[in-house]
Amino acid sequence: MSKLLRKHLEDREIKKGSGQVSAFIAVSLGILSTLAALCFLFPNLLTTPDFRPLYNQHILRGLLFAGMVIGFVSGFVSLLRNPSKRWGMAGILLNAFAALLASGQIEPNYYDRSIYAGLDYFILTLLISALVFIPMERFYAKYKEQKLLRSGWVTDIKYFMFSHLGIQLLSFFTIIPAQILFNQWLNPSWHQMVSGQPLVLQFIEILIIVDFFSYWIHRSMHKVPSLWRIHAVHHSSHHMDWLAASRVHVFELIVNRFVGYIPLLFMGFSPAATYAYLVFISFHAIFIHANVRFRFPYFRWVLATPEFHHWHHSSEKEAWDKNFAAFLPIYDVIFKTAHLPDHLPKKYGTTANTKIPEGFVAQLVYPLQHKQRKKN
């Protein structure tokens, strides 16, 4: 199935005026509407418990039906413009199926469930990210010739799905172990003092502290061969855009979240400051991978920008092992790994010495297979 998707849906240009744009909108909204309708039918199993109190069912249901109408109309428009293409009809059928699901009346049982999928988190983040970054990359593209359905996007959307649907699994392997291991050394009075600071100050402190740890974790990922085999997956994309940020191996996700959570646990920052930080890094991580031409001549030395991080992903020799900081370039300046020349990078991906296979599953097992081949 994955090979078929890559064959027919990767490296494809969406041409205006031929019904392809409306077909893309119809199919995309049809898929998202179907998933959202399932969330309404099975909220306890599919939605995130922490988010449920924030939801207004009437507003969300209205948005769902509006999306289905737009998707249905877009599919019809695609059929009118290009009757020979089947994508318009696929969009119509998907949105009709979503409407059928959404009209179901299954009374949910509101009891606590220890296992949930977090499908709502995936839908919301994908929709918001797409609405923000796809237009941004169309209007302010760094590489205008890069296609929306560029090679590798099918693999990246699987990473996006896994990292968001697997939020409970990642918490089980990161936050819970950190709390168990370090809870005995926590200082309540210190936590009270830290959490009593202004939220802006706490937010800045979180950036400074966590990024220091992130810098050395990231640098180790490049320098230690066994860690590089894991991190190389993130560098395997030959195209930079908002979706490329999701290509992170599950082992790296666990390591980053486990080590990154430790200073937050010890310092005792308030929940509001922590949530503000999590929202910021979610947006920032996507932004610095985006295919945009923003340069930020002075600000780029204060906070990591797309230009700064694109150089880190470049396979050009001058960019090797540069720009490790996630947020604050000052760490790269201090430890002499900063690289921000006047020109922009042209090539991305790993070097010829590191060849990463295509596909989510193949990349998932790549570090283990590579290690095995080394032993043999």
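The values are calculated or read from the model by the stated rules, or taken from the named source; none is laboratory data. Computed from a predicted structure; not experimentally measured. Neighbour counts are summed over all protein chains in view; Cβ atoms, including those assigned to glycine, are modelled from backbone coordinates with ideal geometry. Protein only, heavy atoms only, side chains kept; ligands, DNA and RNA dropped before computing areas. Shrake-Rupley method; radii C 1.70, N 1.55, O 1.52, S 1.80 Å.
Right, His191: out of contact with any strand residue (DSSP E or B) (no Cβ under 7 Å at 6 or more places or on another chain), under 17 Å from Gly268 (Cβ atoms), in a helix (DSSP H, G or I) and not hydrophobic (A, V, I, L, M, F, W, C) or not? When the stated conditions are applied, His191 passes them. Restricted to the stretch 56-85, and to residues there that are surrounded by 13 or more Cβ atoms within 10 Å (Cβ to Cβ) and part of a loop (DSSP other than H, G, I, E, B), the residue that is modelled with the lowest pLDDT is Lys85. When Ala285, Ala276 are checked against the criterion of being within 13 Å of Asp211 (Cβ to Cβ), of a type outside the set (Asp, Glu), part of a helix (DSSP H, G or I) and open to solvent by 10 Å² or more (accessible area, probe 1.4 Å), a single residue qualifies: Ala285.
So for the stretch 202-215 (the condition being touching a Lys or Arg at 6+ places or on another chain (Cβ under 7 Å), modelled with pLDDT of 95 or more and not acidic (Asp, Glu)), does at least one residue qualify?
Of all residues in the stretch 202-215, those touching a Lys or Arg at 6+ places or on another chain (Cβ under 7 Å) come to none.
No: the stretch 202-215 contains no residue that is touching a Lys or Arg at 6+ places or on another chain (Cβ under 7 Å), modelled with pLDDT of 95 or more and not acidic (Asp, Glu).
Count of the stretch 194-215 residues, restricted to those that are without any contact (Cβ under 8 Å) to a residue 40 or more places away in the chain and assigned to a helix (DSSP H, G or I), is 3. Checking every residue in the stretch 352-372 against the condition of being open to solvent by less than 20 Å² (accessible area, probe 1.4 Å), among the hydroxyl-bearing types (Ser, Thr, Tyr) and closer than 21 Å to Gln146 by Cβ gives zero matches.
With respect to (1) small (Gly, Ala, Ser); (2) within 18 Å of Ile356 (Cα to Cα); (3) surrounded by 17 or more Cβ atoms within 10 Å (Cβ to Cβ), the lone exception for Ser226 is condition (3). Residues in the stretch 228-249 that are assigned to a helix (DSSP H, G or I) and either in contact with a strand residue (DSSP E or B) (Cβ under 7 Å, 6 or more places away or on another chain) or without any contact (Cβ under 8 Å) to a residue 40 or more places away in the chain (or both): His231 only. Taken over the stretch 1-16, the criterion of being at pLDDT 75 or above, open to solvent by 50 Å² or more (accessible area, probe 1.4 Å) and part of a loop (DSSP other than H, G, I, E, B) is satisfied by Asp11, Glu13, Lys15, Lys16.
Look through Ala338, Ala325 and report the one residue that is open to solvent by less than 30 Å² (accessible area, probe 1.4 Å), among the aliphatic types (A, V, I, L, M) and either over 19 Å from Tyr143 (Cα atoms) or touching a residue at least 40 places away in the same chain (Cβ under 8 Å) (or both).
Numbers: Ala338 fails: open to solvent by less than 30 Å² (accessible area, probe 1.4 Å).
None of the other options fit; the residue is Ala325.
Applying the criterion of at least 2 residues that are buried (at least 20 other Cβ atoms within 10 Å of the Cβ) to the helices (runs of 4 or more DSSP H) found wholly in the stretch 114-174 leaves 119-139, 153-165. For residues that are crowded, with 19+ Cβ neighbours inside 10 Å and of a type outside the set (Ser, Thr, Tyr), tally how many sit in the stretch 309-322. Qualifying residue count, the stretch 309-322: 5.
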